[in-house]
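The values are calculated or read from the model by the stated rules, or taken from the named source; none is laboratory data. What you see is a predicted model; the values in this text were computed from it and never measured. Backbone-built Cβ (ideal geometry, glycine too); neighbour counts: all protein chains shown.
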Amino acid sequence: MKKTIMKKWVKALRSGKYKQGIIYLRRVDNTYCCLGVLCDVLGIPVKSPSLDENAYTFGESNNDYFFTELPPSVIKKAGMNSSSGIVFFSNGKALSLAILNDARQRSFKQIAGFIERNWKKL
C-alpha cells in the first residue's frame, strides 16, 4: 500500500473521530469498520443505504454498491492487494483487517498499529 495513504489512514483510526462498528464499511448508525474509515479518508462517495438498509454503500459510479468490502477504486488509490486488507506472512499464513476488526474485535488503535507494521504487505 502507499505510505502516504497509510499515514492518513492510521491517523484517522487513532483520531477518535470514528466510532467502530463491524461487518459493514459504514452502518446507518455512523459506525465504521476500519476499511470504511479508509473509504472516508480517500473521499469515496457514500450512497444511499444498502438493500438491507443497515449500511451505506460506497462507490464512484452508479454501478458501485460496495458495503462489506473495499471498492476497486479504493484498492487502486491506496495501492492495496485485496478488498479486505489481507496481509500475507512469510510463514504462509494470512490475516485480514476485516477479521481483525470484526471477528477478533481489535480496537482502531490496535488495527492502526498492525497497519503501521505491515503496510508494505497490504
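Just one of (1) at pLDDT 90 or above; (2) surrounded by 15 or more Cβ atoms within 10 Å (Cβ to Cβ); (3) out of contact with any Ser or Thr (no Cβ under 6 Å at 6 or more places or on another chain); (4) within 15 Å of TRP9 (Cβ to Cβ) fails for THR31. It is (4).
The criterion of being within 17 Å of LEU122 (Cα to Cα), touching a Ser or Thr at 6+ places or on another chain (Cβ under 9 Å), at pLDDT 90 or above and polar (S, T, N, Q) holds for SER96. Residues in region 58-82 that are farther than 10 Å from CYS39 by Cβ, at pLDDT 75 or above and among the hydroxyl-bearing types (Ser, Thr, Tyr): THR68, SER82.
Search region 68-85 for residues being of a type in the set (Val, Ile, Thr) and in contact (Cβ under 8 Å) with a residue 12 or more places away in the chain, and hand back the single one that is nearest to THR31 (Cα to Cα). Result: THR68.
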